[in-house]
Amino acid sequence: MDQALSGRFLRGLALAPDRPALRAEGATLTYRELHERALVLAGSLLAGFPGRPAAVGVLAGKGPSAYTSLLAGLYSGVTVVPLQPAFPAARTRQMIEAAGVEALLADDDALPALTALHEDGVTLPTLFAPGGRPMPAIGVDPDSALKAPMPARPSDIAYVLFTSGSTGRPKGVPVTHANTAHYFSLLDARYDFGPEDVFSQTFDLNFDCAMFDLFCAWGAGATVVPVPARAYARLPEFVAEQGVTVWFSTPSAITLVRRTGGLAPGALSPLRRSLFAGEALTCRDAEDWAAAAPGTVLENLYGPTELTVTVTAHRWRPGGRHLHDHVPIGAVHEGHAVLLLDADDAPSTTGEGELCVAGPQLTPGYLDPADDTGRFLERDGLRYYRTGDRVRRTDGDGLLYLGRQDAQVQVHGIRTELAEVDAAVRACPGVEDAVTVAVPVDGTVELAVFHTGDPVPPARLARHLRGLLPAAVVPRAYHHLNALPLNPNRKTDRRQLVSRATALRQQPAGAGSRTEGRQE
């Protein structure tokens, strides 16, 4: 089991069987208790399903049962597909079909999502707590409990996560047990996590950074504490009450905590390690957080889902200043090859270019091989992933993130293809064409839509998009145009649209730039 992802939990079980593995919503589960519950659920799933499911979906939020279900899925030895109950049913159905999910693990919190999926035509055997059952039920049978987690080979797929796709549908990224084994072996060598640590868990389970929290903590016998949304308004008190020692979030959380007055000097003193990923980290944000957590070691991490959670790390040193005032992303993990490409796809001679990475954390490829086109390349016998990110070499082997090469952005840490949003807007009745742009706001971005065709009311557009996109990436502003502007090459002038969206956002409330839309 050493190479299986579930083996990380078994390590924690051996280290600290009676210490808390999870504290969530007022409930505490020890390693022994969580292990035994997961064995029962995994055994019930395998006993109640005719044959072995190709993949199991975990449809749960961030309550205690969500983590039990995720662990049970891994214990069953099949591919796990974390699914977000808050996502539109149509989007979740796409993921279920793409990943070949044949059974679901869920709980009462997911009942509305299950009902919506059932209404959308999904009918799958489902194991979850008693309550309304829109799906065929698999009963929980203690007599079917596994004696131990099912084995998995290094090449087996541990989990599948979905990223935004430029075709208008999510792209499935399979991550193998070999991918995670290499990743966590490097983290074990880098960090000194132990049973006394308490990890924040800020990411939803369908976000790859959640795997860092869970399996770094569980591999060390430490405790995981999900952070509820209300906690950000009083984060110093939450950190102190829960004894949080390891914090991991997107940098946009720093802006939120600053607004609520939580970054006073020493306010987050219990934190001994602070990690950020998912967005560019500014030097100002790093300095303010470090002042609030004076005993912390702060690191900026980077990595696309295709390279297994994170693939670089940079340890922050106070007083450092860098290009665009951003913290470097650091060196690529040991065992990987790095290639920088210029605009002609030739190796860069300037130390700046598109970052391509090859190595043991690289996904075998997307679930749909058609999505591989343009994202992977073969050079010198190695298979590289083209991240689409422009970077510059710094001192040593370090890298500095410069921005995206394409129309992909990070919205509150969620990787989003603007083309996917465009496609969703065009599907709204009355819309002829649409272009989505990202507007920088308080360390992250907000999306603004420009569309042609009928002057569809913004409220109707937003309602339409909430049925297709994750809530966090639904655009905040909608502007109607008679025609989209073109640049001298007769392509849509995105720079002009970004400037226009920025100016419209700065108009006084009620001027028609955000809530009412605008016709131009």
Signed unit charges on C-beta, dipole axis of segment 6-177, positive-most listed residue 176, 57, 100: 176
Among 79-89, 303-313, 359-369, 468-478, how do they line up from the highest to the lowest mean number of other beta-carbon atoms within 10 Å? 303-313, 79-89, 468-478, 359-369
Expected sort for 78, 338 with the fewest Cβ neighbours (10 Å cutoff) up front is 338, 78
Can you list the residues, at least 5 places off or on another chain, whose amide H is less than 5 Å from the amide H of residue 441, using H built in the peptide plane? 446
Listing 163, 349, 394 from the residue with the fewest other Cβ atoms within 10 Å to the one with the most, what is the order? 349, 394, 163
Hull volume in cubic angstrom per residue (convex hull over the Cα atoms of the chain): 155 Å³
In the chain, which helices (entire DSSP H runs) extend 24 Å or more along their own long axis, judged by Cα positions, while averaging at least -0.5 on the Kyte-Doolittle scale? 31-48
What number, in percent, do you get for the relative contact order of the chain if the mean sequence gap of Cα pairs under 8 Å and at least 6 apart is divided by its residue count? 11 percent
Over every pair of different alpha-carbon atoms in segment 408-505, take the mean of 1/r and invert it; report that Kirkwood radius in Å. 13.5 Å
If the convex hull is drawn through the Cα atoms of segment 1-138, its volume per residue in Å³: 101 Å³
Exposure proxy ranking, count of Cβ atoms within 10 Å, fewest first, for 417, 33: 33, 417
For residue 158, other-chain or 5+-apart residues with amide H closer than 5 Å (H placed, Pro excluded) are 175, 176, 177
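The numbers here are math on the coordinates, done by the rules we state, and not lab data. Note that the structure is predicted; figures quoted are calculated from it, not measured. No Cβ is skipped: glycine too gets one built from the backbone with ideal geometry, and neighbour counts run over all protein chains shown.
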